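Take a look at the structure below.
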Amino acid sequence: MTRVQVEHHVVRGVGGLGMLAVCGLLFGPGCGPDPQGKFDEFTEQTKEGSSTGDPGTTTATSRPTGGTGATTGGPPAFDISGDFLLAVSTTVDRSKPLQFIATNMVTEMDGKMLLASCLQPLTLMAGKVTVPRVPIGDPLCFEGLEIVDGAFTIDAGIVMVTGEANPITGANIVASLIMAGTIKTDDFYCGTVTGEVKEPPVGDITGSSFAAVRLADKKVLPTDVTITCDGKTVTDM
């Protein structure tokens with residue numbers, strides 16, 4: 001299987017809720033020979049020149065709380081550097097989210113706060129939320145994403161996700177996506193997903209959502225998976 005097409009258009013300086021670049025349904029099925037190596041290389045590169053401290057941690061089994069919210073202007077109130085479980089819940093089936101390990105690094109350059117994010121898709125059996133969740137394919141990495149008022153964005157373009165990471169039907173998906181969100185705390189960010197699933201011909205998926213919860217250990221994933229900004233979770237019955 002090969003990646004069909006990936007086009008990345010980063011939208012900077014978005015106000016209001018802003019946009020978050022998470023690429024949910026984003027990953028081509030072309031599995032590289034060493035996804036962990038690419039993952040580690042990305043982390044080392046983004047550490048260089050970083051002016052932020054070590055991220056805080058929480059247990060991987062609960063939605064983090066706390067903080068006072070993002071500020072307007074200046075550095076963001078929260079630092080989402082570190083590892084997160086990121087789930088994308090689409091209107092096709094809200095209870096069966098696609099899942100990724102997101103490794104983030106926030107740095108400051110020329111007075112701007114920039115986010116680099118590397119997203120590793122996880123395998124999921126059709127109809128399941130928690131199994132087997134092992135990395136598949138190459139992580140998809142984005143750099144230089146400007147954080148404005150605690151918000152950021154990526155237009156993912158048209159991409160393909162392997163059926164092995166699709167828990168809804170197990171079929172390959174071709175979709176165009178934009179994911180928009182905000183940083184809520186050091187340990188939690190979330191938002192909305194818009195776009196269109198082209199294959200199978202599902203159509204518009206406006207109303208979809210995503211959420212990302214910090215992991216103390218990326219090898220230990222929560223069984224209750226957060227999918228919305230208000231903390232709604234799903235799991236296997």
_Run the numbers for Ile158 and Asp204: contour at 0.36 nm per residue of separation, minus the present Cα-Cα distance, in nm._
15.2 nm
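Using the Kirkwood radius over C-alpha pairs as Rh, can you work out the diffusion coefficient of segment 82-237 via Stokes-Einstein at 4 °C, viscosity 1.567 mPa s, in µm² per second?
On the way: Rh = 15.7 Å.
Rounded, D is 83 µm²/s.
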*Quick one: Kirkwood hydrodynamic radius for segment 188-237, alpha-carbon pairs, angstrom, one decimal?*
12.6
*For Ile205, list long-range residues whose amide hydrogen, built 1.01 Å from N in the peptide plane, is under 5 Å from its own amide hydrogen.*
Gly195, Glu196, Val197
*Report ³J(HN,Hα) in whole Hz for each residue of segment 96-106, in order, from the Karplus equation J = 6.51 cos²θ - 1.76 cosθ + 1.60 where θ = phi - 60°; Gly and Pro get x.*
10, x, 6, 9, 9, 8, 9, 10, 10, 9, 9
*Convert each backbone phi in segment 172-181 into a coupling constant with the Karplus relation 6.51 cos²θ - 1.76 cosθ + 1.60 (shift: θ = phi - 60°), then list the ³J(HN,Hα) values in order as whole Hz, x for Gly and Pro.*
4, 10, 10, 8, 10, 9, 10, 10, 10, x
*For Tyr189, enumerate residues with amide H under 5 Å from its amide H, sequence gap 5+ or separate chain, H modeled in the peptide plane.*
Lys184, Ala212
*Taking R0 as 22 Å, what's the FRET efficiency between Ala171 and Thr235 from their Cβ-Cβ distance, rounded to 0.05?*
0.45
_Using a Debye calculation, one point per C-alpha and no hydration shell, please list log10 I(q)/I(0) for segment 143-223 at q = 0.17 Å⁻¹ in order._
-0.87
*Given segment 104-169 reduced to its alpha-carbon atoms as identical point scatterers, what log10 I(q)/I(0) does the Debye formula return at q = 0.15, 0.16, 0.20, 0.25 Å⁻¹?*
-0.63, -0.68, -0.86, -1.02
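We did not get these values from a lab; they are worked out from the coordinates using the rules stated. Not measured: the values here are computed from a predicted model. FYI the Cβ positions are ideal-geometry reconstructions off the backbone, even for glycines, and counts take in every protein chain you see.
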